[in-house]
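Below is one structure; the comments refer to it alone.
The values are calculated or read from the model by the stated rules, or taken from the named source; none is laboratory data. Keep in mind that this is a model prediction, so the values were computed, not measured. Reconstructed Cβ throughout: ideal geometry from the backbone, glycine too, with neighbour counts over all protein chains shown.
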Amino acid sequence: MVKYNKNLATVLKILFSGFLLFLLFTKVPLRDIWVLWAASNPLWLVCALLLFVVSKWISLLRLHQLMNYIGLGWALTKQAKLYLMGMFYNLFLPGGIGGDGYKAYIYQKTSEVSLKKGVSALLLDRISGVWALALWALVLGIFVSGMPFSDQPLLYLIAGILGTTAYGVLVYTAFNNTWGNFWRGSILSLLVQGAQLLSALFLLWSLDATQDISGYLVVFLISSVAAVLPLTIGGMGSREITFYYGSQWLGLDQTISLGVSLLFFGITALVSLTGIYFHIRKPSWEISDPQTTRSNSDKTAD
């Protein structure tokens, strides 16, 4: 029954992604987006790809530091293999436990890190990313005339301070065992989203978008938050529809908006596909010694 429910959820996500894309293509014809892509600058596309890879490298470092802080003790190369597999599972094999669930399972089986602690750390890793997205959106929102209270930049500063304080209180109370890694992890989160922001900027330049850049980037950040919600496959559909209505609200070009959003998903899929190598090769995760293995049998209740 559990497996049936997971498969049903996956099918529903695929259908929902397809429905959202169908809805969007009735508003902005795919042929218009294709014409825009055909005239794109390949140099900026390559730069966008490289910046996205840089963002995932920093994200890997953030996760590596966080997991080792709570006692994992892995080498970075080993963490990188599991990280790429997780990306592949999240996007191409969305059924079952998903990429994050698989990582938590491997952590629990190969170390002193309990399943509960591993899931908690991975959840915090996601939360820190959302906080960084929101903070970057507030910073750029000051320069976008169509944003609410755009004539009162002090409100954006106050919102950023309050939001960061709330984020810190959440980490200190709900993830207290990671508090010592808070500032380092937060800075890395800002760098991750900053690199992806630059990737989106290069995508805009590749499509010859030169006006309202801050507006497009704010909508990109908001759409990235929407893509985190587990409603579609890899965020596809939810990011695009948020981008469409956000650009409509700010008076931006919807064809460029959808073109950038779909290109960013394509880059994400391309990089995530590299994880198939480790899925096929099946890395031999080092299982802990018998004494540790016996102790792990009780760790899900920790």
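Taken over the range 139-164, the residue count meeting the criterion of being buried (at least 19 other Cβ atoms within 10 Å of the Cβ) and either modelled with pLDDT of 95 or more or of a type in the set (S, T, N, Q) (or both) is 0.
Being among the β-branched types (Val, Ile, Thr), at pLDDT 90 or above and under 18 Å from Pro283 (Cα atoms) is true for just one of Thr77, Thr110. Which residue is that?
On inspection, the qualifying residue turns out to be Thr77.
The set of residues in the range 208-220 being surrounded by fewer than 24 Cβ atoms within 10 Å (Cβ to Cβ) and among the hydrophobic types (A, V, I, L, M, F, W, C) consists of Ala209, Ile213, Leu217. Is it the case that Lys103 is over 30 Å from Tyr216 (Cα atoms), among the charged types (D, E, K, R) and out of contact with any Gly (no Cβ under 6 Å at 6 or more places or on another chain)? No; evaluated as a whole, the condition is false for this residue. Filtered by the rule that a residue be assigned to a helix (DSSP H, G or I) and either in contact (Cβ under 8 Å) with a residue 60 or more places away in the chain or over 20 Å from the mean Cα position of the chain (by Cα) (or both), the range 152-167 gives Pro153, Leu154, Leu155, Tyr156, Leu157, Ile158, Ala159, Gly160, Ile161, Leu162, Thr165, Ala166. For first residues located in the range 169-194 and touching a residue at least 60 places away in the same chain (Cβ under 8 Å) and under 13 Å from Ser120 (Cβ atoms), partners that are in a helix (DSSP H, G or I) and β-branched (Val, Ile, Thr) and lie 6+ apart or on another chain with Cβ distances below 9 Å form the pairs Thr178/Val171.
Would you pick out the residues in the range 106-145 that are of a type in the set (A, V, I, L, M, F, W, C) and not in a helix (DSSP H, G or I)? Selection gives Val113, Ile142, Phe143, Val144. Residues in the range 261-293 that are of a type in the set (Phe, Trp, Tyr), modelled with pLDDT under 90 and either in a helix (DSSP H, G or I) or surrounded by fewer than 12 Cβ atoms within 10 Å (Cβ to Cβ) (or both): none.
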